[in-house]
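Peer 1: Dropping the structure in here first, questions after.
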Amino acid sequence: MPRYRRDTTPGGTWFFTVTAHQRKPLLTHDLVREALRHAIIQTRRTHPFHIVAWVLLPDHMHCVWTLPQGDSGFSARWSMIKRRTSQVLANYPDLRSPSGISRARRRESTLWQRRFWEHRIRDITDMQHHVDYIHWNPVKHGLATNASDWPWSSFHRYVDEDVLTPDWGRDYSSPESTRFGE
């Protein structure tokens with residue numbers, strides 16, 4: 001079994017990509033979104049983290065988290081979130097039977113891809129690029145005309161907090177940047 005090398009900087013800020021199993025477009029279904037939301041809330045109660053930005057797309061999601069000082073356990077948090085979501089959805093029609101012997105043996109659902117991708121945010125410029133990427137992602141994938149059109153994004157919180165304007169990104173050649181550090 002491969003051993004993946006991960007940067008485990010305590011208290012770091014991380015960009016993640018988590019994908020649905022076989023990229024099934026299930027993540028924006030009402031039941032799945034609700035189960036995921038509750039799993040995140042439950043996980044944050046016992047294993048806190050700050051959500052900097054998030055976008056949920058039909059077959060994957062991106063987010064940026066900051067972990068508490070001295071804590072580097074993002075893998076455990078993702079494991080809890082995925083497990084809790086899958087348990088709630090155990091009887092969801094599209095997720096009933098595991099695909100493959102290996103998944104059945106491990107009692108894995110068919111909701112999540114096994115692994116996730118992470119990148120430690122290095123500085124404020126790196127943070128800006130990743131948050132902008134998150135907010136622009138629904139437009140990039142042709143799911144929305146503007147970032148403000150996609151309902152499952154932290155973009156709306158950024159607008160409410162006057163960090164971004166509702167028309168942010170409409171002229172993609174020069175998108176207004178997020179104002180971290182101001």
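Peer 1: Quick one: Pro166 ticks every box in (1) of a type outside the set (Val, Ile, Thr); (2) open to solvent by 50 Å² or more (accessible area, probe 1.4 Å); (3) at pLDDT 95 or above; (4) more than 27 Å from Asp123 (Cβ to Cβ) bar one, so which box is it?
Peer 2: So Pro166 meets the others, but not (3).
Peer 1: On to the next question. Which ones in segment 37-88 are in a helix (DSSP H, G or I), more than 19 Å from His135 (Cβ to Cβ) and open to solvent by less than 30 Å² (accessible area, probe 1.4 Å)?
Peer 2: Within segment 37-88, Ala39, Thr43, Phe74, Arg77, Trp78, Met80, Ile81, Lys82, Thr85, Ser86 qualify.
Peer 1: When you scan segment 128-158, how many residues do you find that are of a type in the set (A, V, I, L, M, F, W, C) and open to solvent by 30 Å² or more (accessible area, probe 1.4 Å)?
Peer 2: The number of residues fulfilling the criteria is 3.
Peer 1: Quick check on His38: is it under 13 Å from Ile81 (Cβ atoms) and at pLDDT 95 or above?
Peer 2: Here the answer is yes, as His38 does meet what is asked.
Peer 1: Ok, one more. Taking segment 18-30 on its own, how many of its residues are out of contact with any Pro (no Cβ under 9 Å at 6 or more places or on another chain) and surrounded by 15 or more Cβ atoms within 10 Å (Cβ to Cβ)?
Peer 2: 3
Peer 1: Taking the condition of being within 24 Å of Gly11 (Cβ to Cβ) and modelled with pLDDT under 90, how many residues in segment 73-120 meet it?
Peer 2: 1
Peer 1: Could you please give the count of residues in segment 18-36 that are part of a helix (DSSP H, G or I) and either of a type in the set (Ser, Thr, Tyr) or within 17 Å of Ala76 (Cα to Cα) (or both)?
Peer 2: Count: 1.
Peer 1: Collect the residues in segment 12-27 that are among the β-branched types (Val, Ile, Thr) and over 12 Å from the mean Cα position of the chain (by Cα), keeping them in residue-number order.
Peer 2: Of the residues in segment 12-27, the ones among the β-branched types (Val, Ile, Thr) are 13, 17-19.
The one that is among the β-branched types (Val, Ile, Thr) and over 12 Å from the mean Cα position of the chain (by Cα): Thr13.
Peer 1: Still on this structure: When the residues of segment 1-42 are filtered to those that are of a type in the set (S, T, N, Q) and out of contact with any Ser or Thr (no Cβ under 9 Å at 6 or more places or on another chain), which remaining residue is nearest to His60 (Cα to Cα)?
Peer 2: By that ranking, first place goes to Thr19.
Peer 1: Further, regarding this structure: For segment 117-127, which positions are surrounded by fewer than 17 Cβ atoms within 10 Å (Cβ to Cβ) and not in a loop (DSSP other than H, G, I, E, B)?
Peer 2: If the condition is that a residue be surrounded by fewer than 17 Cβ atoms within 10 Å (Cβ to Cβ) and not in a loop (DSSP other than H, G, I, E, B), then Trp117, His119, Arg120, Ile124, Thr125, Asp126 are the ones that fit.
The values are calculated or read from the model by the stated rules, or taken from the named source; none is laboratory data. Note that the structure is a prediction, hence the values are computed from the model and not measured. Cβ atoms come from the backbone with ideal geometry, glycine included; neighbour counts cover every protein chain shown. The protein model used for the area step is the full one, side chains on, heavy atoms only, and it has no ligands, DNA or RNA in it. Shrake-Rupley method; radii C 1.70, N 1.55, O 1.52, S 1.80 Å.
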